Each structure stands twice: as C-alpha cells, then as structure tokens.
1. Please list L41, L5 in order of solvent-accessible area, largest first, computed with a 1.4 Å probe with all protein chains present.
2. Roll a 1.4 Å probe over the protein heavy atoms and report the accessible area of E46 in Å², nearest 10.
3. Could you pull out every residue, at least 5 positions away or on a different chain, whose amide H is within less than 5 Å of the one on K53? Hs are placed 1.01 Å off N in the peptide plane, and Pro or chain starts have none.
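The values are calculated or read from the model by the stated rules, or taken from the named source; none is laboratory data. Here the structure is a predicted model, which means the values were calculated and not measured. These area figures cover heavy atoms from the full protein model, side chains too; ligands, DNA and RNA do not enter into them. Shrake-Rupley method; radii C 1.70, N 1.55, O 1.52, S 1.80 Å.
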Amino acid sequence: MKLVLLTIGLLALAFLGITIKIWSKKDGKFAGTCASQNPYLNKDGEACGYCGKLPSEQECKKDSVAT
C-alpha cells in the first residue's frame, strides 16, 4: 500500500511540475521543441520532419505550416 501511495504522490508531483512550467511560459509555448534543435537526435543536420526547420534556423516554422 505504501508503494501505491508513493507512486501516486510522485506522479502528482510530476504533473504539478509540468503544470507550473506551462503556466510560467507565455501562451504555453516552449522554445526549441523541434528535434532539429538537439544535436544528439539530429546528427546529420536534417530539417525537422514536422515543420521543415533547419538546425541553423532559430524559429520553428510551425506557424507557417498549413494544417
């Protein structure tokens, strides 16, 4: 029973942390969410598969992508 309560408590703490992080960001937006920002995930320098942003560019092109 202690393990279940500890697990629930840790999950609640994680969700609380995520919630605080979202509230602290303007409009809930996070900078650098493209995988092309991470040199460990994108070793070949390819463009982002979602928005087409190159690693050398600063802003995500998500706003200009037609959905």
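1. L41, L5
2. 110
3. Here the answer is C48, K61, since their amide H atoms fall under 5 Å of that of K53.
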